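All remarks here apply to the structure that follows.
Please treat every number below as a calculation from the coordinates, not as lab data. Worth saying up front: this structure is predicted, and the values here are computed from it rather than measured. Neighbour counts run over all protein chains shown; Cβ positions are idealised from the backbone, glycine included.
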Amino acid sequence: MRRPRLTVRVRLTLLYTLLFALCGVALVAITYGLLAASLQQPAAIGTADKPGKSTPAGQTDVPPQEFIDACKRILNGQPTEDQNLRNKCQRAYEEGVIAGVESQRDATLDSLLWQSGLSLGAATLLAAVAGWFVAGRVLRPVHRLTAAARAATEHNLSARVALGGPRDELRELADTFDGMLDRLQRSFEGQRQFIANASHELRTPLTVMRTSVDVVLAKPHATEAELIGMARDVRAAVEHAEMLIEALLTLARSNGGPAVSEPTDLATVAEDALDGIDLRDRRTHLALEPATTLGDPILLERLAANLVDNAVRYNEPGGDVWLTTSTVDGHVRLEIANRGPMVTPESVGALFQPFRRLHERTSADGFGLGLTIVAAIAEIHGGTVQARPNPGGGLRVTVTLPADPGT
């Protein structure tokens, strides 16, 4: 048989009630003990210090009624020559007083116990009712969080808690949840935009290949030159698609984190990048100092290659490329600058977005993924990327990574 499930509200109510009852019991016990200590029992009265055999109180050689009447006369101040009778009457009087005090003490403590118990029971019931409403009010933000979480889907992340009131733990939790939804919404929107842009970029070489093939197939007797031209167009489109796919795979790999982490000198990586890229007629100015970091050598080589490729591609004819590496304050830097078209400070941030270029998307000057990949690789290595325009045109990009602690 399945046990009934206790909600958080019920458990909080039971907890409030139990704590109130325990505190009430402790208060009653302390009050009872203090009152009992203040109403101490009177000390027992000893026998009279008289010579000879003493007789217990209330036991006399005369009948009880005569003893009572004699004691009344003695207590009223009438003289008597029987000293023993006087002592017995005094002891009987004092024992009666003690018995009365004890009876009154017991009655007072019993009354306090019963009245406190009934009051505590009634107050506990009121505390349970109040605890039920207080628990519901405390859990109201949690219910709003639950409703927002249920309403949030991959296609609709617009629901927010937007909790008001004092900035307590629940307010902080709600704000954190809203911030998480904001990040997820931006991530999903960026992912959808990225997929749309990638689809467009991949469709371009396919369209070129289809058009080249359709043009040749539409001719009844295509010449050898036309077939060779078609093959060249198809080959160029295939190379374009391969380069795009390789860039996308590199970006996906960088988002997954470095596969290995080993000492890598950025100066060596930068030299290898220069050797693997056609510099055309660009002039290079190198200041390569040892700059060793821990990371994935393949991804770091791609980072340097993308920076060099951008500096060469977006440059003026016969322009300059400056490439420096250094180690400063426990960090290594790879900085590259070029001469090229003017870049406004407002457009620098957009260059790190996928498929964003200075020129139109349909131009053949790359895919707009170079700096995006650079930023992703730097981020997974615990580094940063900063870019700023050169006063005379072009761009200066600085990559900062943690230095290898072993160097």
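Whole number please: convex hull volume per residue, Cα atoms of segment 152-255, in Å³.
Spread over its residues, the Cα hull of segment 152-255 gives 103 Å³ apiece.
Mind ranking 315-321, 275-281, 263-269 by how tightly packed they are, going by the mean number of other C-beta atoms within 10 angstrom, highest first?
Values: 315-321: 15.7, 275-281: 11.3, 263-269: 20.7.
Ranking, from highest mean packing down: 263-269, 315-321, 275-281.
Taking the mean number of other Cβ atoms within 10 Å as a proxy for protection, how do you rank 374-384, 125-135 from highest to lowest?
Working: 374-384: 19.7, 125-135: 15.4.
The peptides rank, most packed first, as 374-384, 125-135.
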